[in-house]
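Heads up: the structure comes next, in structure tokens.
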């Protein structure tokens, strides 16, 4: 592979993995260069005058085949954000777009130029049937602004599009996930959202650190239950949610068990909080995602009993001045073996 061919592929990769020919023309990449990259296999022709690199995310290539750019939950998945298991391919197309195509080629095997063909003859794109949105499991978003310049929408635009097609709370959960990771700012999403959807963004919080934390927060907000996120409680440190005066809710954002040191330190934190009079609920991924109906009822029942307030049997305390040592990775060698045996 020549340096020139590699440069074409790298430019497409840096610009979303799939681009229309007009974007290549705009930066001075000649069609002969593109043809040579296609002939070398470092670039593929996805559809008429659209090119991608072979390692582009599959949903980006599929969106280009449809006739637009991947957006909404499809982009959230590519970024590794929390999303609610949406299995549709979300594609943004121009408002006047017609003759959309299936994301799956009838014959996925491309045809290479015959021997002696000129370099810019390019690999012929596979034949595509007309789009059947229901059968092909595609959600089409008709929106012309901003112009489609790549096979993937900018993250702010994609998240704004989620407000049109996704359950409100699920969209907020994904947006909170992006905000917590610093991948986008709320004002960027607001600027990209349609005026009628911007009020939904008032429910987002940049402090939520996981999707399941957002889900609990939205439950409390919907019922006007006073709560704060990421609250510092000396000497324990930050807790995910403090409901009322004393109900601490910690949510484990991973679907899998934490390591032995994290497991031990979580219990030490819970012990210290209990000694200071706090009631601690530690919720697992499964409790919030798969057993949410039971879990949410339990949280609301505790609040109905007044368990989130100080009372005669639950008063603030200094915990007898105790503070347990936090473990580091190598502080307790037998701990890992004990944890593994469980």
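Picking from 332, 290, which residue would you name as being farther than 24 Å from residue 244 by Cβ and modelled with pLDDT of 80 or more?
Working: 332 fails: modelled with pLDDT of 80 or more.
So the residue among 332, 290 that is farther than 24 Å from residue 244 by Cβ and modelled with pLDDT of 80 or more is 290.
Conditions (1) surrounded by fewer than 22 Cβ atoms within 10 Å (Cβ to Cβ); (2) in the same structural domain as residue 288 (by TED's automatic domain parsing); (3) under 21 Å from residue 184 (Cα atoms), marked per residue:
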| site | (1), (2), (3) |
| --- | --- |
| 49 | yes, no, no |
| 54 | yes, no, no |
| 66 | no, no, no |
| 69 | no, no, yes |
| 73 | no, no, yes |
| 83 | yes, no, yes |
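Could you pull out the residue among 194, 177 that is surrounded by fewer than 18 Cβ atoms within 10 Å (Cβ to Cβ), over 30 Å from residue 310 (Cβ atoms) and not assigned by TED's automatic domain parsing to the domain that holds residue 315?
Working: 177 fails: surrounded by fewer than 18 Cβ atoms within 10 Å (Cβ to Cβ).
Testing whether each residue is surrounded by fewer than 18 Cβ atoms within 10 Å (Cβ to Cβ), over 30 Å from residue 310 (Cβ atoms) and not assigned by TED's automatic domain parsing to the domain that holds residue 315 leaves just 194.
Just give me the residues in segment 162-184 being farther than 16 Å from residue 72 by Cα and in a loop (DSSP other than H, G, I, E, B), in sequence order.
Applying the first criterion (farther than 16 Å from residue 72 by Cα) to segment 162-184 yields 180-182.
Hits for segment 162-184 are 181, 182.
Scanning segment 36-47 for residues that are farther than 26 Å from residue 99 by Cα, surrounded by 21 or more Cβ atoms within 10 Å (Cβ to Cβ) and touching a residue at least 60 places away in the same chain (Cβ under 8 Å) gives a single hit, 36.
Would a scan of segment 240-250 turn up a residue that is outside the structural domain of residue 145 (by TED's automatic domain parsing), surrounded by 16 or more Cβ atoms within 10 Å (Cβ to Cβ), in a loop (DSSP other than H, G, I, E, B) and in contact (Cβ under 8 Å) with a residue 40 or more places away in the chain? Quick ask: steps written out before the conclusion?
Within segment 240-250, the subset outside the structural domain of residue 145 (by TED's automatic domain parsing) is 240-250.
If we keep only those that are surrounded by 16 or more Cβ atoms within 10 Å (Cβ to Cβ) as well, we get 240-244, 246-250.
Among the residues that remain, those that are also in a loop (DSSP other than H, G, I, E, B) are: 244, 246.
Applying the additional criterion that residues be in contact (Cβ under 8 Å) with a residue 40 or more places away in the chain yields 244, 246.
Looking through segment 240-250, at least one residue is outside the structural domain of residue 145 (by TED's automatic domain parsing), surrounded by 16 or more Cβ atoms within 10 Å (Cβ to Cβ), in a loop (DSSP other than H, G, I, E, B) and in contact (Cβ under 8 Å) with a residue 40 or more places away in the chain.
The residue of segment 21-35 that is nearest to residue 6 (Cα to Cα), among those that are out of contact with any strand residue (DSSP E or B) (no Cβ under 9 Å at 6 or more places or on another chain) and in contact (Cβ under 8 Å) with a residue 24 or more places away in the chain, is 33. For segment 125-160, residues that are in a strand (DSSP E or B) and either within 24 Å of the chain's Cα centre (by Cα) or under 18 Å from residue 18 (Cβ atoms) (or both) total 6.
Right, residue 105: out of contact with any strand residue (DSSP E or B) (no Cβ under 7 Å at 6 or more places or on another chain), at pLDDT 95 or above and under 20 Å from residue 51 (Cβ atoms) or not?
Values: out of contact with any strand residue (DSSP E or B) (no Cβ under 7 Å at 6 or more places or on another chain): yes; at pLDDT 95 or above: no; under 20 Å from residue 51 (Cβ atoms): yes.
The answer is no for residue 105.
From the list 205, 191, exactly one residue is under 21 Å from the mean Cα position of the chain (by Cα), within 30 Å of residue 154 (Cβ to Cβ) and not in a helix (DSSP H, G or I). Which is it?
On the way: 191 fails: not in a helix (DSSP H, G or I).
Answer to the check: 205.
The values are calculated or read from the model by the stated rules, or taken from the named source; none is laboratory data. Since the structure is predicted, the reported quantities are computational estimates derived from the model, not experimental observations. Backbone-built Cβ (ideal geometry, glycine too); neighbour counts: all protein chains shown.
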